[in-house]
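Down below is the structure, laid out as structure tokens.
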């Protein structure tokens, strides 16, 4: 008998959603600035029973702006701060490639979500994606993730126009990660199937 899949997974972009993004890329821990309310949002999602998985494009690695060790150090420190605030990240998947590499993992391609789904036997029907770019929302749709939340932090305001031009409407547009988390929690409580 197949074991039941992991339900209520939230896929989450990193830069522009959890922490402030930078056109110069995040290259060190000193450059990480948590967006106000994001740590509380992660705690609330954790307390509500959501499994949080980060899926993030990190072409700074492929561009040789940071090493894999640099990225892993930043990720470890972020996880420590998130856990100190009461949140828990189940896993982190990243794409180190530059756009010209033609990989299958760089969003908007769904490779990272597919890897996560295989690793954790995720029930996609109850999964959600929170991101600040058009490629986050497009990635979620390509992966069969039914609930997409666009945050207006980071690149969110530009992304809304990009998505509109393509005829793509996110399930919800949130002002920030905390707004997105509260919306997801409220809607999961109202869902009789949850």
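Quick look at the numbers
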{"item": "Extension gain (nm, one decimal) between residue 141 and residue 118, 0.36 nm per residue minus Cα-Cα", "result": "6.6 nm"}
{"item": "Prolate/oblate/rounded label for segment 110-194 (Cα gyration tensor, a/c 1.5)", "result": "oblate"}
{"item": "For 121, 148, order by how many other beta-carbon atoms lie within 10 Å, fewest first", "result": "121, 148"}
{"item": "Cα→Cβ-extended label distance, 7 Å offset, between residue 48 and residue 84, nm", "result": "2.5"}
{"item": "Potential lengthening between residue 24 and residue 67 on full extension [0.36 nm per residue; Cα-Cα distance subtracted]", "result": "14.0 nm"}
{"item": "Cα radius of gyration and Dmax for segment 1-135 (Å)", "result": "14.8, 50"}
{"item": "Fewest-first ranking of 14, 77, using other Cβ atoms within 10 Å as the exposure measure", "result": "77, 14"}
{"item": "Within the chain, percent of DSSP bridges classed antiparallel, to nearest 5", "result": "5"}
{"item": "Stretchable slack from residue 7 to residue 104, in nm (0.36 nm times residue separation minus alpha-carbon distance)", "result": "32.5 nm"}
{"item": "Label-point separation in nm, residue 187 to residue 168, each point 7 Å along Cα→Cβ", "result": "1.6"}
{"item": "Inter-label distance for residue 161 and residue 125, nm, one decimal - labels placed 7 Å from Cα along Cα-to-Cβ", "result": "3.9"}
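A short reminder: the numbers here are calculations on the coordinates, not readings from a lab. On a predicted model such as this, the values are computed, not experimentally measured, just so you know. When we count neighbours, we look across all protein chains shown, and the Cβ atoms used for this are built from the backbone with ideal geometry, even at glycine.
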